[in-house]
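Asker: So that we are looking at the same thing, I have put the structure below in structure tokens.
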Amino acid sequence: MATPRLFVDAELATGQSLTLPKGPSHHLATVLRQKTGHPVVLFNGQGGEYLGVLEQCDRKAVVVNVQGYVSVDRTPPLNIHLGMCILKKDPMDAVLGRVVELGVSEITPITSDHCAVSAKMINSRREHWQAVIVSSCEQCGLNRLPLLHEPIATADWIERSDADQKIIALPDERPLSSGQSAATVALLVGAEGGFSKQEIELASRHGFEAVTFGERILRAETAPAAAISVLHRAWGDF
């Protein structure tokens with residue numbers, strides 16, 4: 001069984017005995033059924049990770065003795081800021097999990113012209129989306145959490161983007177040019193109904209290049225992962 005890997009929003013140091021918060025404690029003691037003496041890996045999003053052993057692991061408390069530090073950073077060299085048009089609950093969760101695994105640096109949920117999710121639902125989901133990001137980092141080995149921004153309108157995100165390369169994913173356009181290069185990318189991916197004509201025109205006026213990521217029309221929950229994979233293949237660590 002793989003060593004459990006957990007995010008802890010706290011200062012960490014070797015030699016300390018740390019009582020874990022309720023969420024990670026429940027996960028270790030009840031879900032994974034870990035026992036005293038088992039190893040764990042902790043990270044706090046500041047880079048590196050800490051090696052520990054469970055001093056106590058039961059329903060009363062989970063205590064980790066932090067015994068070592070590893071200066072490892074699995075952050076991709078390519079900084080991708082994903083502007084993701086908000087999807088319904090399960091597809092949105094799936095997108096967030098996949099793009100974190102693939103190596104996205106920042107995520108902004110976008111309320112596009114064709115967004116099918118209510119404002120009330122959007123406002124109640126940010127904490128849940130953050131939890132999905134944390135869970136994905138725990139699974140994939142990242143030790144710096146991608147930054148989750150507050151939801152904003154498509155036009156606002158487009159106007160604020162200042163990356164080296166700015167890309168809007170659209171079908172029936174040309175593929176990514178192999179002659180380009182970038183250290184930072186702003187990637188805008190649409191909702192199930194795609195972008196409106198006004199959104200596409202605004203993106204074009206602000207320097208966004210319209211790029212297709214294959215001959216087939218991808219689902220809204222598939223397109224971000226496909227696009228990020230292509231970008232990392234061209235300019236990142238794939």
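What follows draws every value from the coordinates through simple rules; no lab data is involved. Just so we're clear, the structure is a prediction, and the values are computed from it rather than from any experiment. When we count neighbours, we look across all protein chains shown, and the Cβ atoms used for this are built from the backbone with ideal geometry, even at glycine.
Asker: From the list Gly194, Gly207, which residue is surrounded by 13 or more Cβ atoms within 10 Å (Cβ to Cβ), on the phi > 0 side of the Ramachandran plot, part of a loop (DSSP other than H, G, I, E, B) and more than 23 Å from the chain's Cα centre (by Cα)?
Answerer: Details: Gly194 fails: more than 23 Å from the chain's Cα centre (by Cα).
From the options Gly194, Gly207, the qualifying one is Gly207.
Asker: Same structure again: What strands (runs of 3 or more DSSP E) lie completely within segment 32-147 and have 3 or more residues being within 26 Å of Gly190 (Cβ to Cβ)?
Answerer: Values: elements: 39-43, 49-57, 62-70, 79-85, 106-111.
It comes to 79-85, 106-111.
Asker: Looking at Leu231, Leu187, Leu202 in this structure, which one is assigned to a helix (DSSP H, G or I), within 29 Å of Asp73 (Cβ to Cβ) and of a type in the set (A, V, I, L, M)? Outline the logic, then answer.
Answerer: Working: Leu187 fails: assigned to a helix (DSSP H, G or I); Leu202 fails: within 29 Å of Asp73 (Cβ to Cβ).
After applying the criteria, what remains is Leu231.
Asker: Taking the options Val63, Val72, Val117, name whichever one is more than 30 Å from Gln165 (Cβ to Cβ) and out of contact with any His (no Cβ under 6 Å at 6 or more places or on another chain).
Answerer: Of Val63, Val72, Val117, the one residue that is more than 30 Å from Gln165 (Cβ to Cβ) and out of contact with any His (no Cβ under 6 Å at 6 or more places or on another chain) is Val63.
Asker: Within segment 58-74, which residues are of a type outside the set (A, V, I, L, M) and either closer than 15 Å to Val41 by Cβ or under 29 Å from the mean Cα position of the chain (by Cα) (or both)?
Answerer: If we filter segment 58-74 for residues that are of a type outside the set (A, V, I, L, M), which is where we start, we get 58-60, 65, 67-69, 71, 73-74.
Those that are of a type outside the set (A, V, I, L, M) and either closer than 15 Å to Val41 by Cβ or under 29 Å from the mean Cα position of the chain (by Cα) (or both): Asn65, Gln67, Gly68, Tyr69, Ser71, Asp73, Arg74.
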